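The structure appears right after this line, and notes come after that.
The values are calculated or read from the model by the stated rules, or taken from the named source; none is laboratory data. Values in this document were obtained by computation on a predicted structure and should not be read as measured data. For neighbour counting, all protein chains shown are included, and Cβ atoms are generated from backbone atoms with ideal geometry for every residue, glycine included.
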Amino acid sequence: MVNKRFTEISQVGIVARDKEKVIANMREVFGAEPDQCTVCKVSPAENNGNYYGEPGDFEADLLFYNFANLQIEYMIPRHGKNIWSDWMDEHGEGIHHVLFNVDSFDGAVADMKEKGIDLIQDGPSTLKKGLHWGYFDGYDKVGFVFEVKNTKEKLD
C-alpha cells in the first residue's frame, strides 16, 4: 500500500557551483529566467535549521524555475557545512533530490524514522512563512535523496 503522505512530487533539485552560469545556461537552452531567487540562511544564533542533527550554519543561493507542473530548484552553496556541498564533493554538479509535498512535516519525519531513513538537513522555507523543509538520506534504499515540505499542512 502506498504511503498517502508521499504521493505528490513537485520539484527536482539540482546543485551547482556558479549562479551566473546557471542563469545564463537556462536562458540559452530554455529561454527561461528564474521565477524566484532567494537565499537560504541557517544559523545556530537563529536556531532555524539542522545539519545531521546539529544546529546548522550554512548559506546558499536558491533559484526557482517553474515549468508547467514541475519546479526546478538550483542550490548554489555559499558557505558552511551542508548537504549540497557534500553532494558536489562526492558526485559533482547535477540532480540532487526530488521534493514531496506532504500534509505533515513531523509526520513525514516519523514515517521515515520507522523505516530507518535519517533526516539529514532541515530548516524553514524562504518562500512562505510556516513551511518547513527537510532532506532524507534515501540513497541506499531508493537510490536518491528526497526532500519533504509541508505545503499541504494546514498552517495558522
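Quick look at the numbers
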| quantity | calculated |
| --- | --- |
| Criterion violated by Phe64 - all others in (1) loosely packed, with under 14 Cβ neighbours inside 10 Å; (2) within 21 Å of Gln121 (Cβ to Cβ) satisfied | (1) |
| Within the range 120-156, considering residues that are aliphatic (A, V, I, L, M) and in contact (Cβ under 8 Å) with a residue 24 or more places away in the chain, the one surrounded by the fewest Cβ atoms within 10 Å (Cβ to Cβ) | Leu155 |
| Output for the range 105-119, where each listed residue is buried (at least 16 other Cβ atoms within 10 Å of the Cβ) and farther than 20 Å from Tyr51 by Cβ | Asp111 |
| Where a residue in the range 8-24 is touching a residue at least 60 places away in the same chain (Cβ under 8 Å) and under 22 Å from Lys149 (Cβ atoms) and its partner, wherever it lies, is small (Gly, Ala, Ser) and assigned to a strand (DSSP E or B), with Cβ under 8 Å and at least six apart | Ile14/Gly94; Val15/Gly94 |
| Test set (1) surrounded by fewer than 18 Cβ atoms within 10 Å (Cβ to Cβ); (2) closer than 24 Å to Val22 by Cβ - His97 fails condition number | (1) |
| Single condition Asn47 does not satisfy, out of (1) under 22 Å from Ser10 (Cα atoms); (2) touching a Pro at 6+ places or on another chain (Cβ under 7 Å); (3) in a loop (DSSP other than H, G, I, E, B) | (1) |
| Matching residues in the range 1-56 - criterion: being more than 18 Å from Gly134 (Cα to Cα) and among the hydrophobic types (A, V, I, L, M, F, W, C) | Met1, Val2, Ala16, Val22, Ile23, Ala24, Met26, Val29, Phe30, Ala32, Cys37, Ala45 |
| So Ile14, is it in contact with a Gly (Cβ under 7 Å, 6 or more places away or on another chain) and either of a type in the set (Ser, Thr, Tyr) or modelled with pLDDT of 95 or more (or both) | yes |
| Hits in the range 1-41 (condition: surrounded by 12 or more Cβ atoms within 10 Å (Cβ to Cβ), β-branched (Val, Ile, Thr) and part of a strand (DSSP E or B)) | Ile9, Val12, Ile14, Val15, Thr38 |
